[in-house]
Each structure stands twice: as C-alpha cells, then as structure tokens.
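Asker: Mind looking over this structure? Questions follow.
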Amino acid sequence: MSAFRLSGLMRFRKLQEDQAAADLASARRAAATRDLTIHEFQTDLGVAVFRASVASRAALRSFATEASVAVEVAATEVQQRELAWSDARKRSVPLEKLSERHAERESVEDLRVEQLALDEIAGRAPSGTVPGSDA
C-alpha cells in the first residue's frame, strides 16, 4: 500500500485547525469571564449604590463602559477565532477527503490483486476438483 503523498500537508493543516480551535475556546472563555464579571458587579451593587453619590456614579459608569468595551472586544475576538477555525477547517477537509479516496483506491487495488491471485489458483486446479477439498 503506497503512502498518501499529501499526508504531511494534511497533518500540518490539522495542526492549524487544532490551534485555531484552541484559540477560539480561549477567546470564548475570556468573553464568558468578562460577561460574568459585569453581571456579578451589577447584581451585587444594585440600584441603591448607583444613587449614593455623583462621584461613585461616574466611577461605575466608567467601569461599566470599560467592561462593555472589553466584552465587545472579547466577542470580536471570538468571531475572529471562529473565522480562523472555519478557514483552517476548510483547508483540511479536502485533504481528509483525498486521503479517504486514496485509502479506498488502495483497498480496491488490494482486493483486485487478491481476486487475480484467486482466479489464477482456480485456473490451475485440475478440472472437476475444487482447490482445498480432499475429495
């Protein structure tokens, strides 16, 4: 059975896909953490704290704005990682299909060679006898 000639490229593309998937997972974790932090902050403080003083309101607004920007940045990062993963996947899928077709062709060729050998063995047997029978 001959080796699939693009197996090295296929492994490289698979590594790229795996790295893109890991980057995507990391970006999603970061986005979820930032979102949870904002939610906890807003829940813990409540409306009464926002009315406590003008200075604290300004600080909270600033924090909320920064946190919202951080969430948006994280969401953008997730989108970029999804696109990178999708692109890596698109590059590796055709190679996987080529590899599968190669394996199928090799299997068909192996079966063809085996059938030729069986036909040759059957052709050598004396007429009226079946190879392998002791009759």
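Asker: Can you tally the net charge around Ala25? Count Lys and Arg as +1, Asp and Glu as -1, for every other residue whose Cβ sits under 14 Å from the Cβ of Ala25.
Answerer: That works out to -2.
Asker: In addition: Could you provide, to the nearest whole Å², the per residue accessible area of region 57-102 with probe 1.4 Å?
Answerer: Result: 66 Å² of accessible area for each residue.
Asker: Let's test the formula: R0 of 35 Å, r as the Cβ-Cβ distance of Ser86 and Ala64. What FRET efficiency results, to the nearest 0.05? Write down the numbers at each step before the final one.
Answerer: Values: r = 33 Å, r/R0 = 0.93.
The formula returns an efficiency of 0.60 here.
The values are calculated or read from the model by the stated rules, or taken from the named source; none is laboratory data. What you see is a predicted model, and the numbers here were worked out from it, not measured in a lab. Note that each Cβ is placed from the backbone with ideal geometry, even for glycine, and that neighbours are counted across all protein chains shown. Heads up: the accessible areas ignore ligands, DNA and RNA and are worked out on the full protein's heavy atoms, side chains in. Shrake-Rupley method; radii C 1.70, N 1.55, O 1.52, S 1.80 Å.
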